[in-house]
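Everything on this sheet refers to the single structure shown next.
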Amino acid sequence: MSTAAPAPGQDDRSLPAAYWEPLWAGGRRYRPVCAAEKQLMADHLDPGKGRPALDIGSGSLARHLHHELGYQTTGIDCSPSAVELAAAHDINPGVFPGPAWQYVDITTDDVTVLAHSAYALITCRLVYRWIDDKAAFLDRIRRILAPGGVFWVVTEIAGRRTTTNPALQKLGISPLDIELLTTGWSCVRTADLDVLRCYVLRP
C-alpha cells in the first residue's frame, strides 16, 4: 500500500492511509480527551463490564474505555503510525494489559478481520468528518453494533468556530451530514462540548 501524500487538490479518499500516514508520522495528534468529555461518557454510556468496544481512530479514548469504563477495547486506525503511537502509550502492558490495537481501515477492509463480530460500544471521535462515503460507513457500523449497543460519535459542528479561516470553518459537519448521521436510530441523544457535539446513537 502506498503511503505517499496526495498532490494538492487530488482526491485520494479511496486510499485514506495514503493521506493520513504522512500526517501521523509527521507529528499530527488528536485533541486529548478532557475531563468534561470523560464526564459526558460517564453520564451517557453504560459500564463496560468486560463487553467488547471498538474505537475507530485509535488513541487515548480507547485506553479510557478500557481502563476506566471497563470495556474490552480494540483501537483501530488506517494509519500504521497512528496504531504504533497509540500502542506505545500503553503503560506496563505486561502488568496492566491495555487495549488491543489493529491496523484496519473501517471504510474498506473486510470487517471480519476485527477481533469481534459485534460490539456493545463503537466510538468514532473526530473521525466522522473525514469519512467520504458516510452512508456506507454507517451501514458498516450497524452491521457490527450489537443489539442494544451504542454508537458514540464526537464531531465538530460547522459554524461554531469564531474564525475567518476557511480551512478551519470546514472542519465541522453540515446539517445534511447531521441528518444522515442521526436518521434510522431508535434513540438519539446529544451533548455539546464547545465546538464539538457528542452523539449517543442506539439501534
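The values are calculated or read from the model by the stated rules, or taken from the named source; none is laboratory data. Everything numeric in this text was worked out from a predicted model, so none of it was measured. When we count neighbours, we look across all protein chains shown, and the Cβ atoms used for this are built from the backbone with ideal geometry, even at glycine. Quick note on the areas: whole protein, heavy atoms, side chains included, nothing else; ligands and nucleic acids left out. Shrake-Rupley method; radii C 1.70, N 1.55, O 1.52, S 1.80 Å.
Can you tell me which of (1) open to solvent by less than 50 Å² (accessible area, probe 1.4 Å); (2) closer than 21 Å to Ala62 by Cα; (3) touching a Ser or Thr at 6+ places or on another chain (Cβ under 7 Å); (4) modelled with pLDDT under 95 is the one Asp90 doesn't meet? Condition (3) is where Asp90 drops out. The strands (runs of 3 or more DSSP E) located wholly in the stretch 108-203 that include 3 or more residues which are open to solvent by 40 Å² or more (accessible area, probe 1.4 Å) occupy 187-193. Residues in the stretch 45-69 that are open to solvent by less than 30 Å² (accessible area, probe 1.4 Å) and not in a strand (DSSP E or B): Leu45, Gly48, Gly57, Ser58, Gly59, Leu61, Ala62, His64, Leu65, His66.
Right, Ala62: modelled with pLDDT of 80 or more and within 19 Å of Ile144 (Cα to Cα) or not? Give the steps one after another, and end with the answer.
Details: modelled with pLDDT of 80 or more: yes; within 19 Å of Ile144 (Cα to Cα): yes.
Yes, satisfied.
For the stretch 75-85, the criterion of being assigned to a strand (DSSP E or B), open to solvent by 30 Å² or more (accessible area, probe 1.4 Å) and free of Cβ contacts under 8 Å to residues at least 60 places away in the same chain is met by none of the residues.
Looking only at the stretch 115-153, residues that are of a type in the set (Val, Ile, Thr) and at pLDDT below 95 come to 2 in all. It is to be established whether one or more residues within the stretch 159-178 are of a type in the set (Asp, Glu), within 22 Å of Leu61 (Cβ to Cβ) and at pLDDT below 95. Looking through the stretch 159-178, none of the residues is of a type in the set (Asp, Glu), within 22 Å of Leu61 (Cβ to Cβ) and at pLDDT below 95.
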